[in-house]
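Remarks on the structure that follows.
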Amino acid sequence: MAEARTLLIISGGIEAADAAKRAREMGLHVVVSDIDPNAPGFAFAHDRLIADVYGPEETFAAATRYHREKRQLDGVICVAADAPVTAALIAEGLGLPGISVATAKLACDKLAMKARFKDAGVPVPWFAAVTSLTELRDALEERGTDLVIKPVDSRGSRGVQRLARVADFKAAFALAQRHSPTSRVMVEDYLAGPQVSTESIVCNGICHTPGFSDRNYELLDVHAPFFIENGGDLPSHLPRATQDKVKAVVARAAEALGVRNGTVKGDIVVHKGEPYVIELAARLSGGFFCTREIPLNTGVDFIGCAIRVALGENVPVSEMEPKRQQPVVQRYAFPKPGRVVDVRGAETAKKMPGIQDVIVTARPGDVIPPAGDKRPSAAMVLATGSSRNEALAAARAGLSAIEIETL
Ligand SMILES: Nc1ncnc2c1ncn2[C@@H]1O[C@H](COP(=O)(O)OP(=O)(O)O)[C@@H](O)[C@H]1O
Ligand SMILES: [Mg+2]
């Protein structure tokens, strides 16, 4: 029997653990890298690399050592961590399939990415760099206050603020800047309209988008000026023709970034009926979107397909196409900010009708930050139903069974 092929999964976090599990089911030799020796993904790994996911050089060095001295790697993927540069450096350095470092870097720099999109004719909101408070004031004068300010290179909505809902522009600028590792800030026009998350597999330059979810922003006003998404609904409520337009824009955006083989996760806003790209990440999604929601909704083994692409395989198109559209509703719990003292009800919630998954991320002692900092959610439920309303009712019931006490 031929020796099993070897896959390196970057991130051993709880949202990436499913990918390690799937890779193992596929008969692969699984290597997981993470700085945390207790990372949940390690439970499914044959071998582990202790290295910082967000330290490209560090992980590259560990992967190279492994590849040369222990066992040859055949593929690398990055799941639920915004570290495409780490994956690309390894792919490029070891000659594995994947995206280039240049593409990965573009996807991690919202200014460079949007400039590329603009050049390629991919619709994006108006945007500009702001290097000082004076420049911010100039932008406000020129464009009006309906702008979004954000760090150029952060993640998870940290420091992203709607300026129309901000009283102190100086503080808003400082917050955005604080969340940028390079202290760079930008502004964009705020585009009103439904927001969607997409997730696609690009195989030989052809983009397939089985992942399509309406993002739920009912808490937008409560948390303004911050953008806090409290879940998602699949299938999308948007008309089929609009969904097709979104998918076409995502395909053009992936091409503009230079992704020919890999996955892309899109943040798209449909403004006045037309899709605009807020960002396109060149990696696999977090929040259990690719690992649980898409398979539940469509029957597509998204992670399995992504792994095969990462190993350089040709995945048949039929395997990337939705086989069904089962209603799925995901909701997050946001406890009051503070220190978690007790978590109750997860087991009860798991047994409720329609509940497919309950993931409690908060543990006693953890601190739930206020909005605008890191993601303040503490638990997630995934529910299905024969209709969207049934799935929604199940998700709400499940969520209300979980009690997270903070002080
Ligand atoms: N120009 C915009 N118009 C409308 N909403 C936006 C805009 N920019 C950002 N947002 C909202 O803020 C969220 C976070 O912004 P994003 O640029 O995706 O940064 P991050 O990398 O932190 O996810 C988006 O998913 C979207 O909901
Ligand atoms: Mg985003």
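The condition of being within 14 Å of ligand 1 (Cβ to nearest atom), aliphatic (A, V, I, L, M) and open to solvent by 40 Å² or more (accessible area, probe 1.4 Å) holds for only one of L111, L219, L163, that being L219. The set of residues in the range 119-134 being over 23 Å from V277 (Cβ atoms) and either open to solvent by less than 70 Å² (accessible area, probe 1.4 Å) or modelled with pLDDT under 95 (or both) consists of S132, L133.
Scanning the range 323-356 for residues that are closer than 25 Å to V222 by Cβ, assigned to a strand (DSSP E or B) and under 22 Å from the mean Cα position of the chain (by Cα) yields a count of 6. Considering the range 222-250, and only residues there that are buried (at least 19 other Cβ atoms within 10 Å of the Cβ) and modelled with pLDDT under 95, the residue that is farthest from V381 (Cα to Cα) turns out to be P225. The residues of the range 79-103 that are within 16 Å of ligand 1 (Cβ to nearest atom), open to solvent by 10 Å² or more (accessible area, probe 1.4 Å) and either under 21 Å from A23 (Cα atoms) or among the polar types (S, T, N, Q) (or both), listed by number, are A80, D82.
Scanning the range 166-189 for residues that are surrounded by fewer than 22 Cβ atoms within 10 Å (Cβ to Cβ), away from ligand 1 (no atom under 12 Å from the Cβ) and closer than 21 Å to A112 by Cα yields Q177, R178, P181, T182, S183, R184.
Open to solvent by 20 Å² or more (accessible area, probe 1.4 Å), within 14 Å of ligand 1 (Cβ to nearest atom) and out of contact with any helix residue (DSSP H, G or I) (no Cβ under 6 Å at 6 or more places or on another chain): is that true of R137 in this structure? It is false that R137 is open to solvent by 20 Å² or more (accessible area, probe 1.4 Å), within 14 Å of ligand 1 (Cβ to nearest atom) and out of contact with any helix residue (DSSP H, G or I) (no Cβ under 6 Å at 6 or more places or on another chain). Being under 27 Å from V309 (Cβ atoms), buried (at least 21 other Cβ atoms within 10 Å of the Cβ), away from ligand 1 (no atom under 16 Å from the Cβ) and not aromatic (F, W, Y) is a property that does not hold for L106.
Sort out which residues of the range 277-297 are away from ligand 2 (no atom under 13 Å from the Cβ) and of a type in the set (F, W, Y), and write them in order of number.
F288, the sole residue that qualifies.
Kindly indicate the residue of the range 158-182 that is of a type outside the set (G, A, S) and in contact (Cβ under 8 Å) with a residue 60 or more places away in the chain and also nearest to ligand 2 (Cβ to nearest atom) among those meeting that condition. Looking at residues that are of a type outside the set (G, A, S) and in contact (Cβ under 8 Å) with a residue 60 or more places away in the chain, I get V160.
The values are calculated or read from the model by the stated rules, or taken from the named source; none is laboratory data. Source: prediction; values computed, not measured. In this analysis, Cβ positions are derived from the backbone assuming ideal geometry, glycine residues included, and neighbour counts consider all displayed protein chains. SASA here: full protein model, heavy atoms, side chains in, ligands and nucleic acids out. Shrake-Rupley method; radii C 1.70, N 1.55, O 1.52, S 1.80 Å.
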